[in-house]
Amino acid sequence: MAVIEWKDIYETGIVALDKEHRGLVEEINRLYEAVRDKRGEDVLEDILNMLTTYTVDHFQHEERLMAEYGFPGLEEHRKVHGELIEKVAAMKARAQEETGDLARELLKFLRVWVLEHIVDVDKRYGIFLESRGGRFIE
Ligand SMILES: [Fe+2]
């Protein structure tokens, strides 16, 4: 496992959303470095709080643009976002009670979830939104 290097394949084509995705990848890398240096538990709370804010702000941003331009896959996409919101809430609850290696577990989960979500699910709105609103819609 290593830090995630941003690749062109991760770009949805919508500049504002790509910027937010890059920010999220940076946070995952911050968690990675902490886990690697055996201080994962030190940043766990911080990362979970960031994720809570991120999932609200970023997901709302994506869903607002999808709604604004009439993207047909909106409901399906919203469900997938809901699953991550639940997962983060569950992790947060566990972090209050457990002293296990939650940071490592969160890291593994986020790496897979975020990259798969961006490449598989988010890219579906990319071409649609770009063709209707252009790359610079916010
Ligand atoms: Fe998404």
(message) As a test of the formula, what do you get for the chain when each DSSP H run with n ≥ 4 contributes -39,500 (n - 2.57) and the sum is divided by the residue count, at 222 nm and rounded to the nearest 500 deg cm²/dmol?
(response) -25000 deg cm²/dmol
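Calculate, for Asn49 and Phe136, the FRET efficiency according to 1/(1 + (r/R0)^6) with r their C-beta to C-beta distance and R0 30 Å; round to the nearest 0.05.
Result of the calculation: an efficiency of 0.50.
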(request) Note down the magnitude of the dipole of the chain about its Cα centre, charges +1 on Lys and Arg C-beta and -1 on Asp and Glu C-beta and zero elsewhere, to the nearest 20 debye. (result) 200 debye
(request) Compute the acute angle (0 to 90°) between the alpha-carbon long axis of helix 15-36 and the principal axis of greatest extent of the alpha-carbon atoms of the chain; round to the nearest 10°. (result) 10 degrees
(message) Binning at 5 angstrom from zero up to the longest distance, how are the C-alpha pair distances of the chain distributed in percent?
(response) 2, 10, 20, 22, 18, 13, 8, 5, 2, 0
(request) Any of Lys19/Lys123; Lys7/Lys92; Lys7/Lys79 with alpha carbons more than 22 Å apart? Name them for me. (result) Lys7/Lys92; Lys7/Lys79
(message) Using only the alpha-carbon atoms, how far is helix 74-97 inclined from the longest principal axis of the chain? Give it as 0 to 90 degrees, nearest 10.
(response) 10 degrees
(request) Mind giving me the FRET efficiency for Lys108 and Gln60? R0 is 30 Å, r the Cβ-Cβ distance, nearest 0.05 is fine. (result) 0.70
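FYI, it's all coordinate maths here, none of it is from the lab. Since this is a predicted model, take the numbers as computed values, not measurements. Cβ coordinates were reconstructed from backbone atoms using ideal geometry, including for glycine residues, and neighbour counts include every protein chain displayed.
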